[in-house]
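Report on the following structure.
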Amino acid sequence: MSDTLFPEFSQEDERYMRMALALAEKGRGQVSPNPMVGAVIVKEGEVVGKGYHSRYGGPHAEAIAIADAGLRADGATLYVNLEPCVHFGRTPPCVEKIAKARILRVVIAIKDPDRLVNGKGIEYLRRSHIHVDVGLLEAQARALNQAYFKHRETGLPLIILKLATALDGKLATSTGDSRWITDEEARRYSHQLRTESDAVMVGIGTILKDNPQLTVRLVTGHNPLKVILDTKLRMPADAKVFDEGKTLIFTSRESLARRESYDAAKVSFAAVDLTEDGRLNLKKVLKELGRRQIAQLLVEGGGMLASELLRQGLVDRFICCINLSFLGKGIGYTDTIEYSNINERICLKDVKVSWLGKDLRLEARPCLPDSSRK
């Protein structure tokens, strides 16, 4: 059996797919660079099995759901938010388990963009005489695994720029004092973003000024890889980022020779080309991070790095926690951006605004005019 070109889905189909999406969400921050996947098995209107991918290298959602259902999977319908895998990786192919379980119908939210799958799982299921319907809640499924889709489709990580500012857009006072602009709830949210990301990146200016740990402390979760941009390799050997977890420093090829003064057990290095104005080429930095399987990158500052990422149109998600105060003459995050024509300005789309304790949280997608995207 094969699916129709435009399958019709029932309200029950949608309900079970939303259940699969909710299950998938439980794997956030635990499974990257794999996608978050949830699976629900339904027979005669009853949920007989469910599961989700809970850790990288662990069992896949479909396999867990099938084991949960047992013999009741025979003749049932499987709902899954991403196309089942068809290749051997850290676990056997899910499509084989689905066929052996004698499941009759599979409803898939969206095809897997990975070149090893990308329709091959659907083809396998159809050849096994399983009815396959694709496209239920596709937009929601893509949004759930936004980082995975970007990484698989472009080789680049999803870039989240997260800032904490006063109402006038300042990151710090004129003397560089910034602790703390926002209240504890906003800081806890920052730590949640860290544990959901594969890496957190700052410039050397932030290290020299604040000496941050860049670890996860206010919530429970794993520490991301710490990425430091340091063109001239001014990084202090006793910086707090070396106290716990792994650190990767991007520097110039000229400065790379001085890496021997650092503890190789705590830090690794990558050299990238410089731009004409002597800065690290951000696009090449992001390409190298993608090659290292960084699917989601959280950027926390400082102002110069944030400004350059915005100016070059490299930010996918912009998150700003805004304290209702003014810092006046201070340090901002748009200092390298200058326009002579107002139509060249960066605009925000898909804007969401909410309260985070006493602070405002603004989340949006920055957009450059088409004419400025090169």
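Points to keep in mind about this one:
- With respect to the conditions (1) under 18 Å from Met304 (Cβ atoms); (2) surrounded by fewer than 17 Cβ atoms within 10 Å (Cβ to Cβ); (3) free of Cβ contacts under 8 Å to residues at least 60 places away in the same chain; (4) over 23 Å from the mean Cα position of the chain (by Cα), Lys240 falls short on a single one, namely (1).
- Applying the condition of being basic (Lys, Arg) and more than 18 Å from the chain's Cα centre (by Cα) to segment 270-317 and asking which residue is nearest to Pro224 (Cα to Cα) yields Lys284.
- Filter result (surrounded by 19 or more Cβ atoms within 10 Å (Cβ to Cβ) and more than 23 Å from Cys347 (Cα to Cα)) within segment 291-311: Ile294, Ala295
- Boolean, Leu225 is buried (at least 17 other Cβ atoms within 10 Å of the Cβ), at pLDDT below 95, farther than 20 Å from Gly278 by Cα and touching a Gly at 6+ places or on another chain (Cβ under 9 Å): no
- Positions within segment 131-179 being farther than 24 Å from Val202 by Cα, β-branched (Val, Ile, Thr) and within 25 Å of the chain's Cα centre (by Cα), in sequence order: Val134
- When segment 20-49 is filtered for residues that are assigned to a helix (DSSP H, G or I) and out of contact with any Pro (no Cβ under 9 Å at 6 or more places or on another chain), the ones remaining, listed by number, are Ala20, Leu21, Ala22, Leu23, Glu25.
This table checks each residue for (1) of a type in the set (Gly, Ala, Ser); (2) over 18 Å from the mean Cα position of the chain (by Cα).
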| position | (1), (2) |
| --- | --- |
| Ile181 | no, yes |
| His191 | no, no |
| Glu196 | no, no |
| Ala199 | yes, no |
| Asn211 | no, yes |
| Pro224 | no, no |
| Leu233 | no, yes |
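- Matching residues in segment 112-125 - criterion: being assigned to a helix (DSSP H, G or I) and surrounded by 15 or more Cβ atoms within 10 Å (Cβ to Cβ): Lys120, Gly121, Ile122, Tyr124, Leu125
- Selected residue (only one of Ser261, Ser255 is among the hydroxyl-bearing types (Ser, Thr, Tyr), loosely packed, with under 14 Cβ neighbours inside 10 Å and either over 14 Å from Met201 (Cβ atoms) or out of contact with any strand residue (DSSP E or B) (no Cβ under 6 Å at 6 or more places or on another chain) (or both)): Ser261
- Qualifying residue in segment 312-331 (condition: of a type in the set (Lys, Arg) and either crowded, with 19+ Cβ neighbours inside 10 Å or part of a strand (DSSP E or B) (or both)): yes
- Flag for Lys284 being at pLDDT below 95 and either out of contact with any Phe, Trp or Tyr (no Cβ under 8 Å at 6 or more places or on another chain) or on the phi > 0 side of the Ramachandran plot (or both): no
- For segment 50-59, the condition holds for no residue, the condition being that it is touching a residue at least 60 places away in the same chain (Cβ under 8 Å) and either outside any loop (DSSP other than H, G, I, E, B) or crowded, with 22+ Cβ neighbours inside 10 Å (or both).
- Annotation note: of Gly245, Gly169, the sole residue that is touching a strand residue (DSSP E or B) at 6+ places or on another chain (Cβ under 8 Å) and modelled with pLDDT under 95 is Gly245.
- Count of segment 74-94 residues which are part of a strand (DSSP E or B) and either of a type outside the set (Phe, Trp, Tyr) or over 14 Å from Ile41 (Cα atoms) (or both): 3
- For segment 34-49, filtered to residues that are crowded, with 18+ Cβ neighbours inside 10 Å and not β-branched (Val, Ile, Thr), the residue that is farthest from Asp112 (Cα to Cα) is Gly49.
- Residues located in segment 156-202, provided they are in a strand (DSSP E or B) and farther than 28 Å from Lys283 by Cα: Ala166, Thr173
The values are calculated or read from the model by the stated rules, or taken from the named source; none is laboratory data. All values derive from a computational prediction rather than experimental measurement. As a convention, Cβ positions derive from the backbone with ideal geometry for all residues, glycine included, and neighbour counts pool all protein chains shown.
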